[in-house]
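The structure appears below as structure tokens.
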Amino acid sequence: MMSTDVLVVGGGAAGLSAAAEAASCGARVTVLESDLQLGGQLIKQTHKFFGSKDEYAGTRGYKIADILLDEIRSAGDRVEVHTNVTVTGYYPEDGTITAMRGEEEYFRVSAKKVIVATGAQERLIPFPNNDLPGVYGAGAVQTLMNVYGVVPGKRVLMVGAGNIGLIVSYQLMQAGVQVAAVVEAMPKVGGYWVHAAKIRRLGVPIYLRYSIKEALGSQVVEGAIIQEVDDRCSGIGNEKEIDCDIICMAVGLSPTVELCWQAGCQMKYVPHLCGYVPLRDRTMRTSHKDIWVAGDASGIEEASAAMVEGRIAGLSAAMSLGFKGDPGKLDEYWSRLGHLRAGEVGEKIRAGISQVMVDGWEE
Amino acid sequence: MTDKELLFNSGILVEHREGAELPPMDLWKGKKNGLVVIECPQRIPCNPCNTSCPTGAVIPFKDINDVPKIDYSKCTGCAMCVAKCPGLACFVVDLTWGDEGMALMKLPYEMLPRPEKGDRVQCLDRVGQVVFESTVEAVTEPWKDSTLVVHVGVPVDLVDKVRAVRVVK
């Protein structure tokens, strides 16, 4: 059985930050990542990040992954990393974790503390023909283009104008793919205004109060019908046919929290955070005394916030084991999160977080 | 919701407002090398325009969510912010450049093909319509991070319209 002080489940923005922080306190850390390489969504992000210098603002996402990986490497053998390993279960009786390497090898892990940094899953919305080849999640499009260097098609309809929809539209254009249009059911873009302006000035229409009605085609996507919608997202006519061979869905994410459910963490459904998430205290500890959460698994938010949450969880998990950490850093990290969440776009996050924060846990 | 609001909500600047203002004309028209024009009207947690500014012209943010404020007397038109801004929302406009009636615009550029001096470009407005055809005067890469700054001449009456270029090859 593999054993470790701090097990980090997920090697993305939150998990790598958590691992780096816990290791810097002296803890032995093991990172299990289901993908073939570390970095999570960061490695697909070719755009420059927002935030402040503390969150590497102005640096491209994949470069931030490199920075975090360097930090992990500098911790030497205190951090053990396994890729292509999926955590499959948590057994609350004795805290055993089960994991699977590839498709063959099963093994068990015994960890004193666990940080769940499992990220999120993409949502899809139902519409006729949404099972045609050519209907992609935005994450898949990014993986194809930015990890494997494969363009998904020639002309894309983007569904959703959150930051992911806007940024992936821009990345598609950088890859030489036309973006026929972006549709967004809300009366304003959900992502940053500047990201919308960036693609608008390159001639991409953004249809607000529009949604996809159906995909056209029999074997593959050959087009799409979009239509105007009302406040309740019901179609009210004004249909347009869009010429496209790819429909890219960027309609939101849901936190990946199965492990938290299995462990019996107290969960709450919070629409602002995009699904069920564990309650947590100021150290990102869940109601389970050995389990912390960070990043999108604790509520859908920007990668910059995920990295800070990872730091908090890593620091606290290590300190709970008696490793020396600077407790003052907790205040610093919370002040950074406060700044990141302060604006108009952070309003939703603030409302969500206030529903899941507890003052402390009764031991 | 008016059409104008809806247009703004889709990423089009329909009128100048806080965080998206033009420099004062009396200073602007005589400022060699140009002054910065920033179009960042939404409060978001982001400040690289300030931290990348070598002269302090982009005033330090009290709150990282503040929209940028500019001390135009300090701006040298260096375009470091143009290349650093993650939102590609910074531009420099030099009204003293070239012949009567022409201005030099320094615009961020992250597309292929990589433009070179002398290339023909289409100048695009905020909705991507071609409003002018011009020639690349210079290309710089201030941070050596693949974000280029393309210098193109445009008529003075288009400096509040042109916001992107497309290279014609």
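Of all residue pairs spaced 6 or more apart or on separate chains, those with beta-carbon atoms under 8 Å, a first member in region A:332-354 that is assigned by TED's automatic domain parsing to the domain that holds A:Thr283 and a second member that is surrounded by fewer than 13 Cβ atoms within 10 Å (Cβ to Cβ) are A:His339/B:Asp63; A:Ala342/B:Asp63; A:Gly352/A:Pro271. Evaluated against (1) surrounded by fewer than 17 Cβ atoms within 10 Å (Cβ to Cβ); (2) out of contact with any helix residue (DSSP H, G or I) (no Cβ under 7 Å at 6 or more places or on another chain), B:Trp143 falls short on exactly one condition, (2).
The set of residues in region B:103-139 being modelled with pLDDT of 95 or more and charged (D, E, K, R) consists of B:Lys106, B:Glu110, B:Glu116, B:Lys117, B:Asp119, B:Arg120, B:Asp125, B:Arg126, B:Glu133, B:Glu137. The residue that is surrounded by the most Cβ atoms within 10 Å (Cβ to Cβ), among those in region B:14-42 that are part of a loop (DSSP other than H, G, I, E, B), within 13 Å of the chain's Cα centre (by Cα) and of a type in the set (A, V, I, L, M, F, W, C), is B:Cys40. When each of A:Val270, A:Val293 is tested for being surrounded by fewer than 23 Cβ atoms within 10 Å (Cβ to Cβ), under 28 Å from A:Gly191 (Cβ atoms) and in contact (Cβ under 8 Å) with a residue 60 or more places away in the chain, the lone residue that passes is A:Val270. Note on region A:208-259: residues that are in a strand (DSSP E or B), under 24 Å from B:Ile12 (Cβ atoms) and touching a helix residue (DSSP H, G or I) at 6+ places or on another chain (Cβ under 7 Å) total 2. Going by the structure shown, is A:Ile164 of a type in the set (A, V, I, L, M), surrounded by 23 or more Cβ atoms within 10 Å (Cβ to Cβ), more than 23 Å from B:Gln129 (Cα to Cα) and not assigned by TED's automatic domain parsing to the domain that holds A:Gly314? It is true that A:Ile164 is of a type in the set (A, V, I, L, M), surrounded by 23 or more Cβ atoms within 10 Å (Cβ to Cβ), more than 23 Å from B:Gln129 (Cα to Cα) and not assigned by TED's automatic domain parsing to the domain that holds A:Gly314.
Go through region A:261-278 and give me each residue that's over 18 Å from the mean Cα position of the chain (by Cα) and assigned to a loop (DSSP other than H, G, I, E, B). Those that are over 18 Å from the mean Cα position of the chain (by Cα) and assigned to a loop (DSSP other than H, G, I, E, B): A:Gly264, A:Cys265, A:Gln266.
Within region A:42-82, the residues that satisfy the criterion of being under 12 Å from A:Leu16 (Cβ atoms), more than 14 Å from chain B (Cβ to nearest Cβ) and not hydrophobic (A, V, I, L, M, F, W, C) are A:Asp70, A:Glu71, A:Arg73.
The values are calculated or read from the model by the stated rules, or taken from the named source; none is laboratory data. This structure is a prediction, so every number in the text was calculated from the model and none was measured. Positions of Cβ are generated from backbone atoms using ideal geometry, with glycine treated the same way; all protein chains shown enter the neighbour counts.
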